[in-house]
Amino acid sequence: MHGTHRIVSKRQLSEEVFRIEVEAPLVARERKAGQFVIVMYDEEFSERIPLTIADADPVRGTVTLIFQTVGASTHRLALKNPGQSIVLLGPLGNPTHIERFGWAVCVGGGIGLAPLYPIAKALKAAGNSVTVISGARTKDLLIMQDELGAIADEHIVVTDDGSSGRKALVTEPLKELCRRTPPPDLVVTIGPPIMMKFCAETTRPFRIKTLASLNTIMIDGTGMCGGCRVSIGGETKFVCVDGPEFDAHLVDWDGMMMRLGTYREVEKEAHERCHLEMQLEKLGAQGKDALASEKEPAK
Amino acid sequence: MSHKEECVMDNAEMELARLHSAPITPKVRMQIPPQAMPAQDPLERRHNMEEVALGYSPAQAMLEAQRCLQCKNAPCVTGCPVRIDIPGFIGKIQEGDFLGAVKIIKRTNLLPSICGRVCPQETQCQATCTVGKALHGVEKAVQIGRLERFVADYERTHAAVEVPNVASSTGKKVAIVGAGPAGLTCAADVRREGHDVTIFEAFHKSGGVMVYGIPEFRLPKILVQAEAEVLESMGVDFELNFLVGRTRPLLSLLHEDGYDAVFIGTGAGLPKFMNIPGENLVGVFSANEYLTRANLLKAYMRGRAGTPIYPSRRVAVLGGGNVAMDSARMALRLGAEEVRVLYRRTREEMPARAEEVEHAIEEGIVFDFLKSPTRVLGDDKGRVAALEVLSYELGEPDESGRRRPVPIRGSEEVVPFDTVIVAIGNESNPLISRTTPQLQIDRHGHIIVDERQKTSIDRVYAGGDIVLGSATVILAMGEGRRAAQAINEMLQ
Ligand SMILES: Cc1cc2nc3c(=O)[nH]c(=O)nc-3n(C[C@H](O)[C@H](O)[C@H](O)COP(=O)(O)OP(=O)(O)OC[C@H]3O[C@@H](n4cnc5c(N)ncnc54)[C@H](O)[C@@H]3O)c2cc1C
Ligand SMILES: Cc1cc2nc3c(=O)[nH]c(=O)nc-3n(C[C@H](O)[C@H](O)[C@H](O)COP(=O)(O)OP(=O)(O)OC[C@H]3O[C@@H](n4cnc5c(N)ncnc54)[C@H](O)[C@@H]3O)c2cc1C
Ligand code: SF4
Ligand code: SF4
Ligand code: FES
């Protein structure tokens, strides 16, 4: 049986953010901006983890994933090293609708900068003028800055603590851009749900078409389980097959955020257990090393 | 095993010995009572994932087989969708030739250990059995499914499973989309003719609903795995984690990758919801999600499994089919204190297998018949707190002859629950049809096929739930087999 994919490279971008490149020639060839994959760190006990395809190299046959270690599953994934294999299914979801809109503003927050990059790149390639707003809590969490900087016609950086760029939330510069004449033709926002919600509220009065890429809880990613459902303009939609992008002005943000918290308690427990296990493993390894060095001279 | 069950077995041996001391007339056969299925004690099993039904002993199987009258016209065979030679295989069991019996079954059914466990026998083979008819009760029919299970298990536990012969290579290639019962059956039959076969499966395990839907306590996953291994030994290739339509467009398989034919067995998809207010509250799950978490992703192994399951105390399951029974019994095993099944009609109309309903009741699942929710109520954190439930009464029969439930006005009551599992069926999976516009589908999204399972696209066939809507394992297999025949003829 085939179906696992080898990790070819791994880099730690910040304390919590990892970038891995995985061998998946078919996915690299078929994928388009806005699509994602589901990965598992093993075939028996792993959770299914949706991650956006941050980049792909059809010639080398690899896809790049960038993820933040927020809980037990992403931590376990971060333990995988080049040469080891993971489960990977994709590309999933509908590609971003790319055309020449005119002026596109791409707003990314934290880890959301990773999935924002392929979309910004595709919009640029389609002849749009592209402004990127990069936001994060602090400088260390600002990822993909070189890549985004290279394709953006205008690049605005903000951090919550002012450690890089302006000390502001992304909605501040976004509002200023909306006030320009002519205003942006399209806004794309990817990041924490609360940020996307406020981006939507910012553009709403200006009636600027705004797309958000939703990161709901998922199981299969193929339209079978219904776990990823959200209410869009009062209608239930499945993010994995109907999305992941939707009109940000129609999303029921509060409902979505509530559903994201479904397993918060259980996950916290799992996360703590995972940390404990990792520590034990480390201690175990140290113990073994210690034992080995003790035994060495006896030989 | 309890003392009571051991006695049943001893009795079977004694009965068998007594029976063989005199000629066995049809009258004598009709006097043998149907052999009860040994099962785990209900109070114990509601806390574990192990299989509920334990299977016949050899003596029980032989005694049960003696109940078969070997009817010339064999009405039971017409009740079986794949037309197993039922008197033939039961005759072998009467002689004690268990492996001979499996051989006969496997001529038409590749997965007897599975069908013996999950077929709705009471509406299929056993519904038409002469013995059941004569004794005025379908439950008194020859227990064909249990016998089928017995010989299949016997073959496996005696390491006697034979890998079917494969003809020499034809150099032709066939792609199978989906590793459910339809796909697996089609793959085996096509491979036997010497064609190269690749199965593409979206999940990381093969088996379809048999691994992600039907729980371990009803169908041990090791059985499904064993069947996939037989296919592997026949030389069938499995490409797991491969979503046809996304990882590769369907038509590229034909036009670029050199496949000579494609079979689509992608099963049902998109769970149906009730479309009542509150359905997106935290704690409302589709049965598909709940069961996939629990089965495929092993959420019941807390601490080991990465996938969490919702901690539930009072669970409402909506629906009356196998899926509802499985969800309810799974919730109980995952620690719920009270599980109630809400069904709009009555027990007689429930589509679930009779055995599953009995098992559920034994385990302490409560059934609220003639009830259906109108609203899910939440707390201030957006979590399920209660259901508003409406009562019904039975009215005039509808077109299907079933008496239609009519709501009783003003009967709404609010019942506290923290979890709601919706098990009212599926729409069809839209992925292949959306990404393959040439493929004709009906208004329910099911793929349209002719009597030989061929779709509107040349060299593309389909079968199973994606054609039939929610059906059964054996019907899906039947379609896979019919498609294989058509494919094999086309490739000659
Ligand atoms: C289509 C899609 C694309 C995604 N792309 C990326 C990506 O490119 N990079 C990346 O790092 N993450 C991405 N995510 C989010 C990622 O899947 C989750 O962070 C991951 O599943 C968390 O798993 P965990 O077990 O480590 O954490 P958990 O223990 O499950 O969760 C830890 C914390 O994160 C919250 N959380 C859980 N799931 C999500 C989620 N889906 N989104 C936001 N918060 C969540 C929980 O409420 C909890 O507080 C994407 C999600 C979707 C649906
Ligand atoms: C909980 C539950 C209990 C049931 N109980 C019974 C029972 O007791 N008895 C009985 O007879 N029937 C039962 N059924 C019904 C029975 O399981 C189905 O009718 C049967 O499995 C249908 O088989 P299939 O091969 O058509 O599809 P499935 O079993 O659904 O398999 C389809 C496979 O295709 C894969 N797939 C889908 N799309 C793609 C794609 N684009 N690319 C690649 N792979 C894809 C899926 O991942 C899946 O593995 C039950 C169903 C459920 C949900
Ligand atoms: S396959 Fe199913 S219907 Fe056919 S004989 Fe076996 S149990 Fe009965
Ligand atoms: S109908 Fe019943 S008694 Fe007759 S051959 Fe079939 S199983 Fe035996
Ligand atoms: S993830 Fe299961 S339907 Fe979307």
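GluC sites (Glu not before Pro) within the range B:357-418: which are DSSP loop residues with at most 14 other Cβ atoms inside 10 Å?
Values: sites: B:GLU358, B:GLU362, B:GLU363, B:GLU388, B:GLU393, B:GLU399, B:GLU412, B:GLU413; in loops: B:GLU399, B:GLU412.
Hits after loop and neighbour filter: B:GLU399, B:GLU412.
Taking a point 7 angstrom from the Cα of B:GLU338 along the C-beta vector, which residues in the range B:378-397 have backbone N less than 13 Å away?
Within reach of a label on B:GLU338, which here means backbone N under 13 Å from a point 7 Å along Cα→Cβ, the range B:378-397 contributes B:386-387.
Take every residue in peptide B:301-311, count the Cβ atoms of other chains within 10 Å of its Cβ, and give the average of those counts.
Mean shielding by partner chains, rounded to a whole number: 6.
Just tell me how shielded A:42-49 is by partners: mean number of partner chain Cβ atoms within 10 Å of each residue's Cβ, no decimals.
6
Antiparallel DSSP bridges in chain A: what percent, to the nearest 5?
60
The range B:254-294: which residues show an accessible-area loss of 30 Å² or more, assembly versus chain alone, 1.4 Å probe?
B:LEU270, B:PRO271, B:PHE273, B:ASN280, B:VAL282, B:GLU289, B:ARG293
Go ahead and set up a Gaussian network model of chain A, Cα springs under 10 Å, then flag whichever of A:LEU250, A:LEU280, A:LEU116 fluctuates most.
Ranking A:LEU250, A:LEU280, A:LEU116 by mean-square fluctuation puts A:LEU280 first.
Label the range B:3-157 by shape, choosing from rounded, prolate and oblate, from the square roots a ≥ b ≥ c of the eigenvalues of the Cα gyration tensor; if a/c is under 1.5 it is rounded, and otherwise prolate applies when a/b is larger than b/c, oblate when it is not.
On the way: a/c = 1.42, a/b = 1.12, b/c = 1.27.
Verdict is rounded for the range B:3-157.
Which whole number in µm²/s is D for chain B by Stokes-Einstein, with the Kirkwood Rh taken over Cα pairs at 20 °C and 1.002 mPa s?
Stokes-Einstein gives a translational diffusion coefficient of 89 µm²/s.
State the antiparallel share, in %, of DSSP beta bridges confined to chain B, rounding to the nearest 5.
Antiparallel: roughly 40 percent of the beta bridges in chain B.
Search the structure for amide H atoms under 5 Å from the amide H of B:GLU427, placed 1.01 Å from N in the peptide plane, and list their residues when 5 or more places away or on another chain.
B:GLY269, B:LYS272
B:GLN485 to B:ILE222: FRET efficiency via 1/(1 + (r/R0)^6), r the Cβ-Cβ distance, R0 35 Å, to the nearest 0.05?
After rounding, the FRET efficiency stands at 0.70.
With the Cα gyration tensor of the range B:199-293 giving a ≥ b ≥ c as the square roots of its eigenvalues, does the rule (a/c under 1.5 for rounded; else a/b larger than b/c for prolate; else oblate) give rounded, prolate or oblate?
In terms of gyration-tensor shape, oblate.
Taking every residue in A:229-241, how many Cβ atoms of other protein chains lie within 10 Å of its Cβ, on average? Write out the running numbers ahead of the final one.
Values: counts 7, 1, 2, 0, 0, 0, 0, 4, 0, 4, 0, 1, 7.
Rounded to a whole number, the mean comes out at 2.
By per-residue mean of other Cβ atoms within 10 Å, what is the highest-first order of B:312-321, B:274-283, A:7-16?
Values: B:312-321: 23.8, B:274-283: 18.0, A:7-16: 14.4.
With the highest mean Cβ count within 10 Å placed first, the list reads B:312-321, B:274-283, A:7-16.
Excluding residues on the same chain fewer than 8 positions from A:LYS237, give the lysines whose Cα lies under 16 Å from its Cα.
In chain and number order, the partners are B:LYS272.
Mind giving me the nanometre distance, one decimal, between the label points for B:ARG459 and B:ARG304, set 7 Å out from Cα along Cα→Cβ?
Spacing of the two 7 Å Cα→Cβ label points: 4.5 nm.
With all distinct Cα pairs included, what does the Kirkwood hydrodynamic radius of the protein assembly as shown come out to in Å, to one decimal, could you say?
So the Kirkwood estimate lands at 28.8 Å.
Measure off, as a whole percent, the carbon and sulfur share of the 1.4 Å-probe accessible area of chain B, all protein chains present.
Here it works out to 51 percent.
Return the inverse of the average 1/r over all pairs of distinct C-alpha atoms in the range B:273-424, which is the Kirkwood hydrodynamic radius, in Å to one decimal.
For the range B:273-424, the Kirkwood estimate is 15.8 Å.
Which percent of the accessible heavy-atom area of chain A goes to carbon and sulfur, probe 1.4 angstrom?
Accessible surface attributable to carbon and sulfur in chain A totals 52 percent.
Between A:LYS209 and B:THR170, what is the label-to-label distance in nm when each label sits 7 Å out along the Cα-to-Cβ direction?
Placing both labels 7 Å along Cα→Cβ, they lie 5.0 nm apart.
What accessible area per residue, rounded to a whole number of Å², is obtained for the protein assembly as shown using a probe radius of 1.4 Å?
Roughly 42 Å² per residue, with all protein chains present.
What percent antiparallel are the DSSP beta bridges of the range A:103-260, to the nearest 5? Please list the in-between numbers first.
Working: 8 of 31 bridges.
Expressed as a percentage, antiparallel bridges in the range A:103-260 total about 25.
Report, in whole Å, the centroid distance computed from the Cα atoms of the range B:138-214 and the range B:242-302.
The distance from the Cα centre of the range B:138-214 to that of the range B:242-302 comes to 20 Å.
Using every alpha carbon pair in chain A, what percent of pairs falls into each 5 Å bin from 0 up to the bin containing the largest distance?
1, 5, 11, 15, 18, 16, 13, 9, 5, 3, 2, 1, 1, 0, 0, 0, 0
How high is the relative contact order of chain A, in percent, with contacts defined as C-alpha pairs under 8 Å that are six or more residues apart? It would help to have the intermediate numbers written out before the result.
Values: 605 pairs, mean separation 44.1, N = 299.
Relative contact order here is 15 percent.
I need the calculated FRET efficiency for the pair A:SER163 and B:VAL415, taking r as the beta carbon distance and R₀ as 45 Å, to the nearest 0.05.
Once the sixth-power term is evaluated, E becomes 0.25.
Using a Förster radius of 25 Å, what is the FRET efficiency between B:ASP97 and B:ASN73 based on their Cβ-Cβ separation? Nearest 0.05, please.
With R0 = 25 Å, the Cβ-Cβ based efficiency is 0.55.
Using DSSP to define loop residues, name the trypsin sites (Lys or Arg not before Pro) in the range B:30-76 whose beta-carbon has at most 13 other beta-carbon atoms within 10 Å.
Numbers: sites: B:ARG45, B:ARG46, B:ARG67, B:LYS72; in loops: B:ARG46, B:ARG67, B:LYS72.
When the trypsin sites (Lys or Arg not before Pro) of the range B:30-76 are filtered for loop state and at most 13 Cβ neighbours within 10 Å, B:LYS72 remain.
Sorted by mean Cβ packing within 10 Å, highest first, what order do the peptides A:225-232, A:74-81 take? Numbers along the way, then the final one.
Numbers: A:225-232: 23.6, A:74-81: 17.9.
So the order, starting with the most tightly packed, is A:225-232, A:74-81.
Am I reading the B/A interface right? What is its buried accessible area, both sides, 1.4 Å probe, to the nearest 100 Å²?
Approximately 4300 Å², summed over both chains.
Starting from the Kirkwood radius over alpha-carbon pairs of the range A:2-92, derive D by Stokes-Einstein at 10 °C in a medium of 1.306 mPa s and give it in µm² s⁻¹. Could the numbers behind the result be given before it?
On the way: Rh = 12.8 Å.
Value of D from the Cα-based Kirkwood radius: 124 µm²/s.
For B:LYS133, give me every one of the aspartates and glutamates with a C-alpha distance below 14 angstrom, ignoring sequence neighbours fewer than eight places off in its own chain.
Within reach: B:GLU122.
Check cross-link reach from A:LYS80 to the lysines: straight Cα distance under 29 Å, and skip same-chain residues fewer than eight apart.
A:LYS10, A:LYS32, A:LYS121, A:LYS139, A:LYS268, A:LYS282, A:LYS288, B:LYS205, B:LYS221, B:LYS298
The values are calculated or read from the model by the stated rules, or taken from the named source; none is laboratory data. Keep in mind the model is a prediction, meaning the values are calculated, not measured. Here Cβ is always computed from backbone atoms with ideal geometry, including for glycine, and neighbour counts include all displayed protein chains. Surface accessibility is based on the protein's heavy atoms, side chains included, excluding ligands, DNA and RNA. Shrake-Rupley method; radii C 1.70, N 1.55, O 1.52, S 1.80 Å.
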